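Trainee: Below you'll find the structure I mean.
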Amino acid sequence: MKWVIFFLALTFLLISGCNTDTACTQDAKVCDDGSSVGRVPQNCEFAPCPTTIICAAEVMDCPDGSTVERVPPNCDFALCPTATGCAEDLKICPDGRKVARVPPNCDFAVCPRVQRCIKDAIECPDGSHVGRVLPLCEFAPCPTNNTTNETSLT
């Protein structure tokens, strides 16, 4: 009978020692990056949160005037928004101005016409004539004559 009790006690100890599964509560912890982690069996501690990647606090100006920041995981700049859905490249016009692509076909906008002034002229006090000049099509200044003819009467 002692052997039966000893055998049952030994069997109970062996069976209870082999059961390593621990039931943990099913709650979750919200990490700084917005993800969540559950509890780990054995000690029921929360699993570690993923490593937070912190990018340099730099901004880049976009063609539309907005700015974008660097974003994880590689800390590259976020893409600039495109309200038109067209590529963001620019075409340089003959006068140096730049035009962008426009929907719906994303062709380049038409370059602005080269401004021309009316071809009229005014007469200056010295008898010469001046025409209009860009960018405001105002008349060019009249030449100034700093040389004076002085004759001495001696």
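Trainee: All other residues with a Cβ under 11 Å from the Cβ of L90 taken together, and with Lys, Arg as +1 and Asp, Glu as -1, what is their net charge? Walk me through the intermediate numbers first.
Mentor: Details: positive: K91, R97, K98, R101; negative: E88, D89.
It works out to a net charge of +2.
Trainee: Find out how many positive minus negative residues lie around R70, taking Lys and Arg as positive, Asp and Glu as negative, among other residues whose Cβ is under 9 Å from that of R70.
Mentor: Details: positive: none; negative: E58, E69, D76.
Within the 9 Å Cβ shell, the charges total -3.
Trainee: Continuing with the same structure: Between T51 and K91, what's the calculated FRET efficiency when r is the beta-carbon distance and R0 is 41 Å? Round to 0.05.
Mentor: Step by step, r from the Cβ atoms, then E = 0.40.
No lab work stands behind these numbers, since they all come straight from the coordinates. Values in this document were obtained by computation on a predicted structure and should not be read as measured data. Methodologically, a virtual Cβ is constructed for each residue, glycine included, from the backbone with ideal geometry; neighbour enumeration extends over all protein chains shown.
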